[in-house]
Amino acid sequence: MENIASAKAVKELCERYGFAFSKSLGQNFLINPSVCPRIAELGGAEGANVLEIGPGFGVLTRELARRARRVLAIEIDQAVLPVLDETLAGLDNVRVLHGDALKLDLAQLLREEFGDAPAVVCANLPYYVTSPMIMSLLEQRLPIEAVTVMVQKEAALRLCAQMGTRACGAVTAAVRYYSEPRILFQVSRGSFLPPPKVDSCVIRLDLRKEPGPQAADEALLFRLIRAAFSQRRKTLANPVSTGLSLPKETVLAALSDLGLSSSARAEELTLAQFAALSDRLGGQTHE
Ligand code: SAM
């Protein structure tokens, strides 16, 4: 098929293969022909090894394959596989793998597919797993240089927020720990079939070679961040003392040692301040 980035082409494929969109799998397929080339170009697919999550009918996969060295595309829905056989026919640098990207051993798959060479991730992510998928890609310390993905606009604003602003949350801190995030461009809901209820954004996360402000105990840092943001509008001391099973006085003393106010809230702290607080509280948690 010449062009599959159109409502007409996607509807025609649905009809011919008896395919029905699954809401629970986050199936909103791109029909705006200008979006996929931009994701491929801004995502660094040129000459790269690319991991795609959720190829759907292959509209982005084709743009990636035209530019990339190799593409590994992981798709959970068996029903799209025969369609991909048709839409990706003749592209011999693409491997489609049937499976759940959250459950597969990505480190091993990347090694099998790309050897020791690094990869980039490009995807129009299923919205129901945006955060777990991004966190899974970041936390596993895979040989990945950048993650360029379409997410709902609201998620993009949260994922790419600056620390110390009202828009940030626990996931913002985690993303900033591992990467430098930025919003690339906005995509209207009319660019998808079926159209979702909200607009979307393509974001790019450039992975740091070394994670951001180092804390002695990374697991404690993330427990602290989750506890702090669990009641984001409240002062830090209560949720942190509950979340880390520490006396409130200990938390207040640590805040004071770091020159932070006893009424500080999670959204006011920088990542470096969270790391310092984590180090200050380290060794004082009751496991
Ligand atoms: N890339 C296509 C496009 O842009 O038109 C489809 C994008 S659609 C938003 C998300 C795709 O991810 C669907 O094809 C869906 O079946 C697939 N998917 C959902 N959950 C998945 C998972 N856990 N692992 C792999 N693929 C998944």
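Report the normalised scattering of the stretch 1-101 as log10 I(q)/I(0) at q = 0.17, 0.21 Å⁻¹, calculated by the Debye formula with identical scatterers on the alpha carbons.
Taking Cα atoms of the stretch 1-101 as identical point scatterers yields -0.72, -1.12.
Out of the total accessible area of the chain (probe 1.4 Å, heavy atoms of protein only), what percent is carbon and sulfur?
Numbers: 6410 of 12850 Å².
Reported share for carbon and sulfur atoms: 50 percent.
Leaving out ligands and nucleic acids, note down the accessible area per residue over the stretch 1-97 with a 1.4 angstrom probe, in whole Å². Don't skip to the end; give the middle numbers.
Values: 4290 Å² over 97 residues.
Counting only protein heavy atoms, the per-residue value for the stretch 1-97 is 44 Å².
Suppose we keep just the alpha-carbon trace of the chain; what are its Rg and Dmax in angstrom?
Using the Cα atoms of the chain, the pair Rg, Dmax is 21.2, 67 Å.
Near the amide H of residue 184, under 5 Å away, which other amide H atoms are found, from residues 5 or more places off or on another chain, if H is placed in the peptide plane?
202, 203, 204
Select from 20, 119, 48 the residue whose mean-square fluctuation is largest in a Gaussian network model of the chain (Cα-Cα springs shorter than 10 Å).
Sorting by GNM fluctuation, first place goes to 20.
Report the label-to-label distance for residue 198 and residue 210 in nanometres (one decimal), using points 7 Å from each Cα along the Cα→Cβ vector.
Placing both labels 7 Å beyond Cα along the Cβ direction yields 3.6 nm.
Provide the net charge surrounding residue 160, with neighbours chosen by a C-beta distance below 10 Å and charges set as Lys +1, Arg +1, Asp -1, Glu -1.
Once positives and negatives cancel, what remains is +3.
Per residue, how many Å² of accessible area does the stretch 110-164 show with a 1.4 Å probe?
Value for the stretch 110-164: 41 Å² per residue.
Not counting ligands, DNA or RNA, and with a 1.4 Å probe, what is residue 153's accessible surface area in Å² rounded to the nearest 10?
About 70 Å², rounded to the nearest 10.
How much length is gained if the chain between residue 78 and residue 66 is pulled fully straight, taking 0.36 nm per residue apart and subtracting their Cα-Cα distance, in nm to one decimal? If you can, show how the numbers build up before the last one.
Working: separation 12, 0.36 × 12 = 4.32 nm, distance 2.41 nm.
Full extension of this stretch gives 1.9 nm more.
Work through the residues other than residue 251 whose Cβ is under 12 Å from its Cβ and net out their charges, Lys, Arg +1 and Asp, Glu -1.
For residues surrounding residue 251, the net value is 0.
Just how many % of Cα pairs in the stretch 186-287 lie over 20 Å apart, if you round to the nearest whole percent?
Of the Cα pairs, 46 percent sit more than 20 Å apart.
Where does the chain land at 222 nm, in deg cm²/dmol rounded to the nearest 500, when only DSSP H runs of n ≥ 4 count, each adding -39500 (n - 2.57), divided by all residues?
The helix contribution divided over the chain gives -11000 deg cm²/dmol.
Nearest 5 is fine: what % of DSSP beta bridges in the chain come out antiparallel, could you say?
Looking only at bridges with both residues in the chain, the antiparallel portion is about 50 percent.
Under a crude label model (7 Å from the Cα following the beta-carbon direction), how far is residue 256 from residue 11 in nanometres?
That separation, rounded to one decimal, is 6.9 nm.
At R0 = 45 Å, how high is the FRET efficiency between residue 100 and residue 234 if r is their beta carbon distance? Nearest 0.05 is fine.
Calculated value: 0.80.
Residues in the stretch 192-210 near a label at residue 145, defined as backbone nitrogen under 16 Å from the 7 Å Cα→Cβ point?
Of the residues in the stretch 192-210, 204-210 have backbone N under 16 Å from the label point off residue 145.
With a/c under 1.5 counting as rounded, go ahead and sort the stretch 96-254 into rounded, prolate or oblate using the C-alpha gyration tensor (a ≥ b ≥ c being the square roots of the eigenvalues; past the cut-off, prolate if a/b is larger than b/c, else oblate).
oblate
Restricting to the stretch 50-129, compute how many DSSP beta bridges are antiparallel as a %, nearest 5. Write out the running numbers ahead of the final one.
Numbers: 0 of 11 bridges.
Antiparallel bridges make up about 0 percent of those DSSP assigns within the stretch 50-129.
The values are calculated or read from the model by the stated rules, or taken from the named source; none is laboratory data. Just so you know, these numbers come straight off a predicted model, no measurement behind them. Glycine gets a Cβ as well: all are built from the backbone with ideal geometry, and neighbour counts include every protein chain shown. Calculation scope for accessible area: heavy atoms of the full protein, side chains included, ligands and nucleic acids excluded. Shrake-Rupley method; radii C 1.70, N 1.55, O 1.52, S 1.80 Å.
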